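The structure appears right after this line, and notes come after that.
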Amino acid sequence: MKIIIHGGFFSESTRDPETKFQKQNALIKIVQKGYDYLSTHTAAQTAVYTVSLLEDNPLFNAGLGSQIQSDGIIRMSAALMDGKTLRMSGVINIENIQHPIQVAEKLMSYDDRILGDKGAITFAHKNDFANFNPEIEQRRKEFIEKLYSTPTSTVGCVCLDVNKNIAVATSTGGKGFEIPGRISDSATVAGNYANQYCGVSMTGIGEDIVSGAMAAKIVTRVTDEMSIKDAFHKSFEELKQIDGFAGAIGIDYLGNIFHQESHPTMVFASFDGVELKYFS
């Protein structure tokens, strides 16, 4: 069993030592809870559970504490992909929901598995997801004063369960101040992809990640027998052609865990039952 999670990148306004310490502690606790959950649940179930914990923590830009768009409204996106079934589900620009990743999970059994905007909101309400305001005071302050200059990105989780099945879940509150209706990478195969060979969750600038088809590209290269390390390196080298900004976490079918980022401010933690790794 293996698990790795990420909490996106630090913004210029949240790179202070105390915030780093808080995020580090939060990631350590969440990855350990996720690993414990993985011992009795599938990779897909664990990915949703773990990302839900990240969505509940206002230190991260997903669920509670999501960024505010240019019209003053929070819209969130999330996706789940099960590498065993090759089914992906997601919500795009959903509003007033506590756990977008759980709505994505609910969609997994439907034929129409990716919903956006009002359709996603209506679906959530019909399936008993209560109204929830994810705004926190700090995000409103940032919105009013426009303090930050770099996106705080996304959260994600990749799991390998006891049956060697891989699943990945990704959730985001957006980049902040974007045009309403903007679609990020998180609920696309560029930002969230898995099959029986590898799973990858991305964070960073969504437009760059989509342009590079990053998650699907990395997974495809591992499927074609490239090592996960080489697949990451080659894909990130290609991202440099557009001066792209991204970070990624992944696990392959052999249990190899890997991460890479364009800028050394991505926060992550991984656990395999023996060794806990986290950002320094």
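The values are calculated or read from the model by the stated rules, or taken from the named source; none is laboratory data. Not measured: the values here are computed from a predicted model. Using ideal geometry, Cβ is built from the backbone for each residue, glycine included, and neighbour counts are taken over all protein chains shown.
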Checklist (1) within 29 Å of L239 (Cα to Cα); (2) modelled with pLDDT of 95 or more; (3) charged (D, E, K, R) applied to E178, failing item: (2)
Cβ-Cβ under 7 Å pairs, at least 6 apart or on other chains, segment 48-61 side within 13 Å of K29 (Cα to Cα) and free of Cβ contacts under 8 Å to residues at least 24 places away in the same chain, far side among the hydrophobic types (A, V, I, L, M, F, W, C) and buried (at least 24 other Cβ atoms within 10 Å of the Cβ): L53/I30
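Which is of a type in the set (S, T, Y) and within 16 Å of the chain's Cα centre (by Cα), of S235, S184?
S184
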Condition broken by K164, with the remaining ones in (1) closer than 20 Å to L80 by Cβ; (2) surrounded by 18 or more Cβ atoms within 10 Å (Cβ to Cβ) satisfied: (2)
Helices (runs of 4 or more DSSP H) completely within segment 1-119 that count 3 or more residues being of a type in the set (A, V, I, L, M, F, W, C), farther than 13 Å from A169 by Cβ and touching a helix residue (DSSP H, G or I) at 6+ places or on another chain (Cβ under 9 Å): 17-38
Hits in segment 218-234 - residues which are part of a helix (DSSP H, G or I), out of contact with any strand residue (DSSP E or B) (no Cβ under 8 Å at 6 or more places or on another chain) and either closer than 15 Å to V168 by Cα or not basic (K, R) (or both): T220, D230
Residue tally, condition surrounded by 22 or more Cβ atoms within 10 Å (Cβ to Cβ) and among the small types (G, A, S), over segment 240-271: 6
Close pairs (8 angstrom Cβ cut-off, 6 or more residues apart or separate chains): under 18 Å from Q102 (Cα atoms) in segment 29-47, of a type in the set (D, E, K, R) and part of a loop (DSSP other than H, G, I, E, B) anywhere: L38/D161; H41/D161; T42/D161; A43/K84; A43/D161; A44/K84; T46/D161
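Yes or no: R75 modelled with pLDDT of 95 or more, within 16 Å of the chain's Cα centre (by Cα) and charged (D, E, K, R)? Reasoning before the result, please.
Working: modelled with pLDDT of 95 or more: yes; within 16 Å of the chain's Cα centre (by Cα): yes; charged (D, E, K, R): yes.
Criteria met by R75.
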Residue that is surrounded by the fewest Cβ atoms within 10 Å (Cβ to Cβ), among those in segment 188-209 that are modelled with pLDDT of 95 or more and in a loop (DSSP other than H, G, I, E, B): Q196
Residue within segment 133-155 that is among the small types (G, A, S) and within 19 Å of the chain's Cα centre (by Cα) present: yes
Contacts under 6 angstrom Cβ, first residue in segment 267-280 being hydroxyl-bearing (S, T, Y), partner surrounded by 12 or more Cβ atoms within 10 Å (Cβ to Cβ), 6 or more apart: S270/I4; S270/I257; S270/K277; Y278/Q24; Y278/L27; Y278/I28; Y278/A269
